[in-house]
Amino acid sequence: MAKFFCDFRLLLFVAAVVFIYIQMRLFATQSQYADRLAASIQAENHCTSQMQSLIDQISLQQGRIVSLQEERKRRDQECGQMKSLVQDLERKEVRRLIDKVQVPVAAVVIMACNRADYLERTINSVLKYQRAISSRFPLFVSQDGSNSNVKNKALSYDELSYMQHLDFESVQTERPGELIAYYKISRHYKWALGQLFYKHNFSRVIILEDDMEIAPDFFDYFEAMATLLDKDKSIMAVSSWNDNGQKQFVHDPYELYRSDFFPGLGWMLARSTWDELSPKWPKAYP
């Protein structure tokens, strides 16, 4: 009986040891499984986080793409508007160039002979108001004779064109006691006007003496009068000179006078009138 009880206790001990071993193995296995499960969950969470980050980046890039597309549309619209504006400005600039460069209002010629100091004063007076509108009023100096001082003075200005009339033909006066100078002046005027109208092809010419100084509104006046000169064929010439054109005598600066007396001294002539006058231009006292 005692032996049987001893064997039973041994058996229980062995069973307890086996049970404890099995529990330990189960615990170890569960621990490994739990560690693997935790690692898997962590990896899954990391993967989910990366995927969410990638989705966020894709969404952000899509937003940028949409924004860039909208920006491109806006830029295209701005470019279209800018192109239209440039084309409009180009058309206006072409019209301005046609009006102001290709079609001058009138050539301006200063008639000179042998007074270099007078010529310099007149040129400076003209350039003071002509430089900004030189394409509409090209400036010329026409010299009668070969006075070197006058020629050098005229050639010292880059803003003008120089012409020289050399007349070696002898002069026969029609009446005794007449001055030859009047015949020389007549020839010079005819030659200079012929050069400007026919060689340089101007439609109008403004003639100035070499001892004149112009007013600030000189060119505005002749530009306004050019249309009137073209339309009214009964007008022979337009003059800027008025013997009474002084401040104390002028009550209306916009008033014009039509006269049958030719004042000269700063006057504009049209080519159509010169076509008529040139064949019968007088030998003296033009």
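The values are calculated or read from the model by the stated rules, or taken from the named source; none is laboratory data. Note that this is a predicted model, so its numbers are computed, not measured. Cβ sites come from the backbone with ideal geometry, for glycine too, and all protein chains shown count toward neighbours. Ligands, DNA and RNA are excluded from the accessible area calculation, which covers all protein heavy atoms including side chains. Shrake-Rupley method; radii C 1.70, N 1.55, O 1.52, S 1.80 Å.
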Inset, instruction - Could you please give the count of residues in region 210-222 that are within 25 Å of residue 283 (Cβ to Cβ) and touching a strand residue (DSSP E or B) at 6+ places or on another chain (Cβ under 6 Å)? - result: 1
Inset, instruction - Sort out which residues of region 218-276 are part of a helix (DSSP H, G or I) and exposed (fewer than 13 other Cβ atoms within 10 Å of the Cβ), and write them in order of number. - result: 220, 227, 228, 231, 275, 276
Legend entry - Leading residue by the ranking (farthest from residue 267 (Cα to Cα)) among those in region 132-146 that are open to solvent by 50 Å² or more (accessible area, probe 1.4 Å) and in contact (Cβ under 8 Å) with a residue 12 or more places away in the chain: 146
Inset, instruction - Can you run down the residue pairs with Cβ atoms below 9 Å, 6 or more apart or on separate chains, where the first is in region 211-240 and touching a residue at least 40 places away in the same chain (Cβ under 8 Å) and the partner is open to solvent by less than 70 Å² (accessible area, probe 1.4 Å) and among the basic types (Lys, Arg)? - result: 219/136; 222/204; 223/136; 226/204; 229/204; 230/204
Legend entry - Matching residues, region 236-261, being under 12 Å from residue 207 (Cβ atoms) and not aliphatic (A, V, I, L, M): 239, 240, 241
Inset, instruction - Report the residue count in region 182-210 for those that are assigned to a helix (DSSP H, G or I), at pLDDT 95 or above, of a type in the set (Ser, Thr, Tyr) and surrounded by 16 or more Cβ atoms within 10 Å (Cβ to Cβ). - result: 1
Legend entry - Unique match (being within 30 Å of residue 238 (Cβ to Cβ), modelled with pLDDT of 75 or more and either part of a helix (DSSP H, G or I) or aliphatic (A, V, I, L, M) (or both)) among 101, 109, 66, 94: 109
Legend entry - One residue from 162, 129 being in a strand (DSSP E or B) and open to solvent by 30 Å² or more (accessible area, probe 1.4 Å): 162
Legend entry - Test result for residue 213, exposed (fewer than 12 other Cβ atoms within 10 Å of the Cβ) and assigned to a loop (DSSP other than H, G, I, E, B): no
Legend entry - Pair list, Cβ under 6 Å, 6 or more apart: region 263-286 residue touching a residue at least 24 places away in the same chain (Cβ under 8 Å), other residue of a type in the set (A, V, I, L, M) and in a helix (DSSP H, G or I): 270/229; 274/193
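Residues are listed down the side, and each one gets a yes or a no for (1) open to solvent by 80 Å² or more (accessible area, probe 1.4 Å); (2) at pLDDT 70 or above:
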position: 8; (1), (2): yes, no
position: 17; (1), (2): no, yes
position: 20; (1), (2): yes, yes
position: 26; (1), (2): yes, yes
position: 32; (1), (2): yes, yes
position: 36; (1), (2): yes, yes
position: 44; (1), (2): yes, yes
position: 47; (1), (2): no, yes
position: 51; (1), (2): yes, yes
Legend entry - region 149-178 residues that are under 13 Å from residue 110 (Cβ atoms), paired with ones that are open to solvent by 100 Å² or more (accessible area, probe 1.4 Å) and modelled with pLDDT under 95 (beta carbon under 9 Å, 6 or more apart): 159/131
